[in-house]
Amino acid sequence: MSTKDKWGSQLEFVCSCIGYSVGLGNLWRFPYVAYKNGGAAFLVPYVLINILIGRPIYYLELLLGQFSGSGPLGAFRISPIGIVVMQGNAFGMMWGAFVTTIYYQMIITYSVVYLFHSFKAPLPWTDCFEWWGVPVDGCYARLRSSRVCELISKSIVLAGGANATGSEPTAVVSYENVSVLIPVREYESRFGGCVRGNISSTAAFYSRFVLHASPSFAEVGFIQRNLVICYALCWVVIFLVVGKVVLVTATAPYIILTVLFIRGVTLPGASIGLRYLLWPRWDTIFSPDVWRAATEQTFYSLSIGTGGLLVYGGYQPFRHDIGSSAKFICLVDFITSAFSSLVVFSVLGNMAHTLDIPISDVVSAGPGLAFVTYPDALALIPFPNMWSVLFFAMLIFLGIDSQMGNTEFLVNSIQDLFPTMSTRRTLTALMYCSSCFLIGLALTTQAGLYVLTILDNYLGALIVLFTCLAETIIVGWVYGTRRFCFDITFMTGACPGYFVVITLKYLAPVTLTALLVYTLYTFPRSSVGEYILPLWADFFGWGLALVGLAPLLIIAVVRLAECGFSWQKATAPEMDWGPYDPKYRTLYHERLQEVGFQQLGYRVVAVGSRQGTPAGSRVVSPTEPKHRGAVQKPH
C-alpha cells in the first residue's frame, strides 16, 4: 500500500490492527507477568493503565495517521520544534521497529523449526535422543512415570522435612546447602524410581539442538545452517505478504486458541493452574514494579509507540470516525491476553498434576514458556503431535501479523525519506527484507540467544516509553489540545472528548515520566536463566538504545537555535501541515481562518465590524501593508 491507498473495508482495517497489536507477547509474556505481579490483582493496574493511558495513545496515533495520511515522518509536521522532535521520535520508532523485526523474526524461526519437528513421532523433545546431539548423562525426560530427584528434594526441604519418631531410622535430604531429616520409609517412598538429571529433554532440545547455545556471550561460535534456512524462509514470506491484508493470519490464532482452551480446561489438574493464576495477592498492587510491569505490558500488547498504527490510520477514509474501532481493537487485545493466560495455565496445571510436582516448578516466561515448558506440557496430553502442530502454527500466525505491521511501517517510512522510492515499493520492500536478513544472521550463531536478550531488553520498553512520552508532550503542550480537538472535529465531526484531552495533556506525560525515571533507576542486569550477561553486553544494549533516542534531543536543540530560541516561532504550525488530500487541505485552511488559529506561519486576526463583532478573516501576505484588521506575521 502507499499513502494514497485506502482500506477496502473496515473489516480489513480492524483485522489488520488486531493482527498488528496482538502478538507473541500476549501469549508468552502476559500470563507470566500476571502471575508474577499478583495474579488476578495484577488486572487492577493493568486495566487502569490500559484505559487511562494505553487506549488514548492508541486512539491518538490512529487519528494523527488518518488526519495527515502519512506515517510518523509526516504525521507530526505541526511546528518547527514539533516536526524536529517528532522526526527524531520517528527515527526512534523506526530504529526500535527495525531492531524488533530482526529479533522477532528469529522467534518465528524457532517456531518454524518446532512446527517441522512436530510432525515426527515421537516428538523429539519428549526423550533424550542421541540423534539430536545430546549426551544421555544428565538429561531426563518428563514422562508420566518420570520424577526428578532434585525436584523431590526441593519440595521436601521447602516443606521443612517430615515427622519422624526418635526410634525411626532417618535419612538426610539436602537442597541448596539446606538439609532436613526424614524417615527412611518416607525417603524410600518419595525417591523410589526417581530420575537423576540436571536438564530436561525439552530444555536440552531447545538449548542444545535448536540454539546450540554457547556457554557465554563471548563465545560466538558458528552460524547454524538450519536456522539460516528457516530465517530466510520467514523473510521471504514477509516480503510476499507485506502490504496485503491476510485475514487468515488474523483469525486463525483465535480459532486455535479456542481449541486449546477447550482441551486445556477439560484436562485433569487444570484447576490447579487456573487457581494459581487467578488467586489475587492484593499487597502487590502498591509496588511500583507492578505498575511499571502493567505499563510495559500494555505498550507491548497494544503496539503503541512503534509507528505502525500511524501508517494504518493513514489508510483510513478522511471523514471516518475511528473511535469505536479503536475501542473495539483495544478490548479484543485485552480479552486475548486474558484468554491466553487461561489457556497456558490450564495446561501447566495438568502438567503439575501429572508429574506430581508444584506448579511453581513448571512456570516460566518468554521463550522458556513457548519452547520448553509448553511443549513439555503438550507432550503429556493424548495426541501430542496434533496439539504441538496447532500451538506452533498459532505462534507463527501471531508473529507474521505483527511483522507485517512493522515491515509496512518501515517500508512506508523509507519511501517518505526517499521520495524517489515511492514508485518502487516492491524494490524497497526487497531491499529492506534482505538487509534485515543479513543483519539477523548474528542471531543464528551459538550466541544468538544472548544477542536476542539484549535487543529485547533495551530496544523494547525503553524506546517505546520514550516515544509515547514525546508524542503526548508534543500534542498536549506544543501543538495544544485545543488545536488538536479542532483538527479532529474538522475531520470526523466530533471532538475526542475531555477524557482523551486530559489524558494527553496531564495524565499520560506525568505517569510516563515517572515510570521512565523509575525504569532507568532500577534497570536490572541482563540475564539468560541463571547466567548473568557480562557488563559490556549491557553497555552495548544502552548504546543501541541511545542510537534511537539521541537524534530526538540533538536535532530539537539545533532547530530551536535556528528559530532564535523563540518558543513562539518554534511552536507555530508548519506551512504544509494539514490533511493529505488537497481538497480537504484547502477547506481546512479556510476553517482555520474563520476560527482564528495560526496557520502557514501567520497569525489570523478576525476582521470585525465597527461594533467589534467578528465578520470574517483573511490571510495577508507579509508584503501587504499592516493595518488594523489584517493578518500579521507572528513576532
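None of the figures in this text is laboratory data; all of them are computed from the coordinates on show. Being a predicted model, the structure only gives us computed values, none of them experimental. Cβ placement follows ideal geometry from the backbone for every residue including glycine, while neighbour counts extend to all protein chains displayed.
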Ranked output for segments 10-23, 116-129 by mean other Cβ atoms within 10 Å, highest leading, reads 10-23, 116-129
Of 57-69, 323-335, ordering from highest average Cβ density within 10 Å down gives 57-69, 323-335
On the formula 1/(1 + (r/R0)^6), with r taken between the Cβ atoms of Thr420 and Met386 and R0 of 51 Å, the FRET efficiency rounded to 0.05 is 0.50
Label model pair Ala561, Ala218: point-to-point distance (7 angstrom along the Cα→beta-carbon line) in nm is 4.2
The long-range amide H neighbours of Val528, using H built 1.01 Å from N in the peptide plane and a cut-off of under 5 Å, are Leu533
Here the gain from full extension of Trp132 to Thr266, 0.36 nm per residue of separation minus their alpha-carbon distance, amounts to 44.9 nm
Applied in sequence order to the stretch 317-332, the curve 6.51 cos²θ - 1.76 cosθ + 1.60 (Karplus, θ = phi - 60°) yields integer Hz couplings, x standing for Gly and Pro, of x, 4, 8, 6, 7, 8, x, 5, 5, 5, 4, 5, 5, 4, 5, 4
The simple spin-label model distance between Arg281 and Glu590, using points 7 Å out along Cα→Cβ, in nm, is 6.3
Residue span Trp536 to Gln10: 0.36 nm per residue of separation minus Cα-Cα distance leaves a gain in nm of 184.6 nm
The FRET efficiency for Ala494 and Val259, from their Cβ-Cβ distance with R0 = 25 Å and rounded to 0.05, is 0.05
Expected sort for 300-306, 519-525, 275-281, 422-428 on mean C-beta neighbours within 10 Å, highest first, is 300-306, 275-281, 422-428, 519-525
Phi angles of the stretch 338-352, converted by Karplus (6.51 cos²θ - 1.76 cosθ + 1.60, θ = phi - 60°) into ³J(HN,Hα) in whole Hz with x for Gly and Pro, give 5, 5, 4, 4, 5, 5, 5, 6, 5, 6, 5, x, 5, 5, 5
